[in-house]
Each structure stands twice: as C-alpha cells, then as structure tokens.
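Student: My structure is below; once you've seen it, I'll send some questions.
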Amino acid sequence: MEILGIDIGGSGIKGALVNAETGEMLTKRHRIPTPSSRKPEDMAQVVKQIVDHFDYEGPVGCGFPTIVKNGICQSAGNLHSSWVGINIDELFTQATGHEFTVLNDADAAGYASMNYGVGKGRSGLVIMVTIGTGLGSGAFYNGILLPNFELGQIPYKKYQKIEQWAAASAKEREELSYEKWGKRFNKFLKYVELIISPDLIIVGGGTSKKWKEFSHLITIETEVVKAELMNNAGIIGPAVACLREQHHGHLTK
C-alpha cells in the first residue's frame, strides 16, 4: 500500500511516498524549509505544498516534533507557543483535503525501526532516541507503542530540560566537538538507563549519521545501536503508523 509520509522538523518539512508493507521509499524526499514563524497556519500551508507535490490521493501519516495526544498538540516544543491545544490532525486535514494521522516524531521514527529496522523482532522495552534540534524519544514494549515518552524533557542542572544541554542544537550553539558533545549525550543515556532500564536503545536522527564520531563515548550497560534508516525513519514511520494508529482528522463534506 502506497502512503505519503511526512516528517515535520524545526528546520525542514520533508515527505515521500512509502510502501507501507515493505518500508521502501518509492520516491525521493521532497523538502521545504519550515516557516520561520513556526506557527500553525503557516506550517499547514507547507504541509499542503508537500501533499500537492506528490499529486497524492489517500490518508497521510505525519511525524510531529512535540507531544501529541489524540491528535492534539500538548506542548510547543521548538515551535510557536500557539500550537498548544491545536488539533493537528484536523488542521492538516482541512488544509490539504486528506485525512491525517499525526504522532510524535520520535514515536514515528520508532515505528520504522520496529517494523523494518534494527528493532524488528525485539521484545521487552525498546527506546528510540532521535538526535536533532531536541532529543526525541519513542518507547515500545513487546512491539507496542507507548506514546509520548518525552525523555528529553528531564530537567538537568540549570536547564529546564536536558535536551537544551545535550541535543545537536546545543552542540552547534556552543560549537562543541563530537568528543565533548558525546559525553553529554552519554550522560543523557545514563539517566534514561537509570529511570526506565530499557532492553535496547536505538539512536536515530540526523546526528546518527556521525555515529563513528561519538559512539565510543557511550558507556552505559544497555545495548545501544544505530538506526539503519536514520533520517528516512521520520518519513517511513508515519506511513506505517497511518495504518495502525487512530485517525483524528476528518474530512468535512
């Protein structure tokens, strides 16, 4: 089944057609920069441009970089504060004329790894961590999604949340070497291990492409592996989630 998957990030909005049975991307990614305002209506129009680009008909799966509960944005994350309380599914459905299933982006990336990547067939508690503007995290227990495991929100020292100190954005902002930043990321993983004792941690997101630069700094006892699908997981995951999660966007006749 061919489904459009969309990955919404703080810097770019990307989409591609995906075979939801095999996880194969059927087209090249189409990327449009995230509007500088990061406001709902502006971003909805970019999502519409992505849908129109593929001349697509059918439901759309979408990964979104905040806490999403029953289709509703629960926190602003790195977006505009006006997102809080917005039914994202409904907003995108009305903007595009297509039914949307929206879920947290790390949950979406986890779907990709659990169905087509290194997490396939793994039981117990598996955590997906995506390194980007923030530190996203998705949790699966015996293959079933436990939504909105926002481990990057853990307070740390003077920081409101640890992702402000240990995400890729902190590395860029402070011009840290991979050696220095990798120690921060390892500290984050130590907290994850202490709090929830996972059986496996899968690391994805853009920074995972530099795995060899920092993986030697990860010293926790839990098994930690790189996501094979990396950036594409943010597109592939929502496509399969579109088949398994509840739609919260409905077309009006």
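The values are calculated or read from the model by the stated rules, or taken from the named source; none is laboratory data. Just so you know, these numbers come straight off a predicted model, no measurement behind them. Here Cβ is always computed from backbone atoms with ideal geometry, including for glycine, and neighbour counts include all displayed protein chains. Side chains are part of the model used for accessible areas, which takes the heavy atoms of the whole protein and leaves out ligands, DNA and RNA. Shrake-Rupley method; radii C 1.70, N 1.55, O 1.52, S 1.80 Å.
Student: Answer with yes or no whether VAL102 is of a type in the set (Val, Ile, Thr) and touching a Gly at 6+ places or on another chain (Cβ under 8 Å).
Tutor: In short, yes.
Results for (1) under 24 Å from ALA168 (Cα atoms); (2) in contact (Cβ under 8 Å) with a residue 24 or more places away in the chain; (3) buried (at least 21 other Cβ atoms within 10 Å of the Cβ), shown as yes or no for each residue.
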residue	(1), (2), (3)
ILE6	yes, yes, yes
LYS14	yes, yes, no
MET25	no, yes, no
HIS30	yes, yes, no
SER36	yes, no, no
ASP42	no, no, no
LYS48	no, yes, no
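Student: Shifting gears a bit: Do the conditions hold for THR66, that is, is it touching a strand residue (DSSP E or B) at 6+ places or on another chain (Cβ under 7 Å) and more than 23 Å from LEU146 (Cβ to Cβ)?
Tutor: So THR66 does not fit the description; no.
Student: Among the residues of the stretch 95-134, which ones are modelled with pLDDT under 95 and assigned to a helix (DSSP H, G or I)?
Tutor: Scanning the stretch 95-134 gives ASP105, ALA106, ASP107, ALA108, ALA109, GLY110, TYR111, ALA112, SER113, MET114, ASN115, TYR116.
Student: Looking at the stretch 167-219, which of its residues are of a type in the set (A, V, I, L, M) and under 16 Å from ILE154 (Cβ atoms)?
Tutor: ALA167, ALA170, LEU189, VAL192, LEU194, ILE195, ILE196, ILE201
Student: Could you say which residue among PHE64, PHE54, PHE100 is among the hydrophobic types (A, V, I, L, M, F, W, C), open to solvent by 30 Å² or more (accessible area, probe 1.4 Å) and either touching a residue at least 60 places away in the same chain (Cβ under 8 Å) or closer than 27 Å to MET25 by Cβ (or both)?
Tutor: PHE54
Student: I'd like the residue in the stretch 74-94 that is modelled with pLDDT of 95 or more and hydrophobic (A, V, I, L, M, F, W, C) and, out of all such residues, is surrounded by the fewest Cβ atoms within 10 Å (Cβ to Cβ).
Tutor: VAL84
Student: Looking only at the stretch 2-40, which residues are among the β-branched types (Val, Ile, Thr), in a strand (DSSP E or B) and under 16 Å from the mean Cα position of the chain (by Cα)?
Tutor: ILE6, ILE8, ILE13, listed by residue number.
Student: Then there's this: With respect to the numbered conditions (1) open to solvent by 20 Å² or more (accessible area, probe 1.4 Å); (2) touching a residue at least 40 places away in the same chain (Cβ under 8 Å); (3) touching a helix residue (DSSP H, G or I) at 6+ places or on another chain (Cβ under 9 Å), which one is the sole condition not fulfilled by VAL118?
Tutor: In the conditions (1) open to solvent by 20 Å² or more (accessible area, probe 1.4 Å); (2) touching a residue at least 40 places away in the same chain (Cβ under 8 Å); (3) touching a helix residue (DSSP H, G or I) at 6+ places or on another chain (Cβ under 9 Å), VAL118 misses (3) alone.
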